[in-house]
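What follows is a short report on a single structure.
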Amino acid sequence: MFKARAIGRFVRRFSIPRQWLLAYLFLIVVPAGVILYGFYERSAAILKDEVTRTMQQALKQAGSNLAYRLEHIEDISNSVIMNANLHEYLSVGENDRMIGIQFQVIKDLRNIVESVQSNSDVFHVRLFVDKSKLYAGERINFFSLESLKTGSWYEKIITENGGIVWSGSYEERYLDAGNARIFSAARMLRDPNQYAKVSGVLMIDVKEQMVTDILSTLQFSPGTNVYLVDPYGTIAYHPNKALVGSTVSPEMQEALSSGSEGTLSIKLDEEVNDVLYATVNPTGWKLVAQGTESQLSHRAVKLTQMTGLTTLLEYIALFLLLPVVLLAIIVRGMNRRVKSVITTIRKEGTDTPVDFPAETSDFLLLERSVEHMLLRVRTLVGEKYLAQIHEREAQLQALQAQINPHFLYNTLDTINWIAIGKGATDISQMIDALAKYFRLSLNKGRSIVSVEDELCLAQVYLEIQQSRFPNTFDFRVDMQPGLEAYQMPKLILQPIVENALLHGIRKAKGKHGTIVITVREDGGELLFMVADNGIGMEEQKALQLLSVAPSGEKSDGSGSSYGLYNVNERIKLYSGDDKYGLSISSKLGTGTVVTIRFKAAELAKSE
């Protein structure tokens, strides 16, 4: 009995009036819950739109990469048919029975075929000719034209009248290579002496693996199908080989014909599917990514669920537990004050009100507490929204960083081989150096590189500048052995050697300059010294370069503060200590030495 009374007194002591609870529920908790739910829904919609747009950009980039490779094959085919000797060899008719002529034709055609097959993108070259040719039965690179006429796409090749016709993926057996899944680019060849006569069909085969490798870079959620559809609605490529050659549904074909690229939702097999598509230009194929909403938006849904759960827990902690405790304490104090007032009235026997200090007002305290909580809620909502925006931007930058830079390297390599073919060795050397520069500077999107790579980047830059300004400067690198695998931030040395060359040596008119790069380890610290014998500078100006932020660009693009301020700030951020960074020693007319100092650490193997 005594315990029951004690519990009852304790409950009454901390009990909150029902009216207060209802007012708190309907005036604060419910509106805040509605606002939080609306924010959750808007965030989910924004995240889904951004993820879908990112996926569309990734799909479009993969289509561009595939188009570039297919256009390369078409260029090869065009260069082959421009070979006048090819048409001359094919015009050797069945009356030219001399063994010597036939063997010479075979030899020359073999050289053309092997030249084309030496290209890394070309798997096999097949030439279908009239069965009267002695080499028509060779069945490695040369075949009878009659054997192609039985195929389903022969009429399409003839109808195109010399244009390139691309086949979908199919399996072919080669005498010299076995079975392989390939795509083929075929075109009809006419006899120049008898234009109405078909002299042959040229077919260039590429491995299906080339397409698979390009599309494998698309990091979509599991269950998403990525495939190719030709302009007639036939599936030209699909990870499920059984679907290659089948026709997509009329709804899908109509959707894909509505534009060159887009995003849409269609109902297939009683289920709504999200479809992203982009056009592969040389073939007119559509690159399609198809999946249900949960599959394509898996990343957005997962991120939203995690965010919603975190926000819900914060909401419970902020709006349920803390206010209940505060209200219980407030009620306890008010009950004590009410009892004191009643006691005073009874004791005094008068209706004279009792004065309390203004700062102890319970209602003011409650009002201020609620105001503080509402302000805190708005702050948390704003912070959470900004955090989600920053996280989404980081995801977009990561996806963009995965874009394959092979297009740039392959283009520079092609220009290099053209220069070699023209005998322009100086141009070839410049292009090769530029390719090395981009490869080292891009470095697969990594911001931390090895000392060896950073030195290579600086050397390549100086070699390029030596080609621009011949016989104006020399450079050398003196590195302590064993420092090659140490790590450092990317693009630290290049701005400094550029500054030494352009603002030191190049401004010393008529003077042959020298740049020396020295690398040492000293007491757990990595030291770089870039010295030049250029015009130098005043001590005050050298200090200003490291203490004043850049104010703008000069007309020559070199920068008003030579870029040293930014490099210095990057090193401090990387090292996390103000004792690391740059120091400059310079004297007018003598030269400049820039010293770089940061903590020595070896590059992790995963880097």
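Across all C-alpha atoms in segment 459-547, the radius of gyration and Dmax reach 14.2, 41 Å.
For segment 133-261, the dipole from Cβ point charges (+1 on Lys and Arg, -1 on Asp and Glu) about the Cα centre works out to 420 debye, to the nearest 20. Fewest neighbouring Cβ atoms within 10 Å first, the residues Leu455, Leu375 line up as Leu375, Leu455.
Inter-label distance, Glu463 to Lys541: 3.3 nm, where each label sits 7 Å from its Cα along the C-beta direction. The GluC sites (Glu not before Pro) of segment 212-291 that DSSP puts in a loop, and whose beta carbon has at most 11 other beta carbons within 10 Å, are Glu270.
What does the charge count around Val113 come to, taking other residues whose C-beta lies under 13 Å from its C-beta (Lys +1, Arg +1, Asp -1, Glu -1)? Summing Lys and Arg as +1 and Asp and Glu as -1 gives -2. One chain, two ends: Arg476 and Lys156. Fully extended at 0.36 nm per residue, the span grows by 108.9 nm beyond their Cα-Cα distance. Ranking of Arg597, Arg468, Arg126, Arg53 by neighbouring Cβ atoms within 10 Å, starting from the fewest: Arg468, Arg53, Arg597, Arg126. Of the cross-linked pairs Lys107/Lys207; Lys107/Lys133; Lys133/Lys197; Lys131/Lys197; Lys511/Lys541; Lys60/Lys286, those separated by over 19 Å at the C-alpha level are Lys107/Lys207; Lys511/Lys541. Label sites at Leu268 and Asp49, each approximated as a point 7 angstrom past Cα along Cα to Cβ, lie 2.6 nm apart. Taking other residues whose beta carbon is less than 12 angstrom from the beta carbon of Gly482, and scoring Lys, Arg as +1 and Asp, Glu as -1, yields -3.
Please get the size of the charge dipole for segment 446-599, origin at its Cα centre, with Cβ charges of +1 on Lys and Arg and -1 on Asp and Glu, quoted in debye to the nearest 20.
Details: 17 positive and 19 negative charges, 88 e Å.
Magnitude of the dipole: close to 420 debye.
Only counting other Cβ atoms within 10 Å, I'd like Glu138, Glu208 sorted with the fewest neighbours first.
Fewest-to-most ranking of Glu138, Glu208: Glu138, Glu208.
With the simple model of a label 7 Å out from the Cα in the direction of the Cβ, Asp191 to Asn83 spans 2.1 nm.
Ile140 sits among other residues whose Cβ lies under 13 Å from its own Cβ, and their net charge, with Lys and Arg +1 and Asp and Glu -1, is -1.
Readers should treat all values here as calculations from the given coordinates under stated rules, not as data from a laboratory. Every value quoted in this text rests on a predicted model; they were computed, and no experiment measured them. Note that each Cβ is placed from the backbone with ideal geometry, even for glycine, and that neighbours are counted across all protein chains shown.
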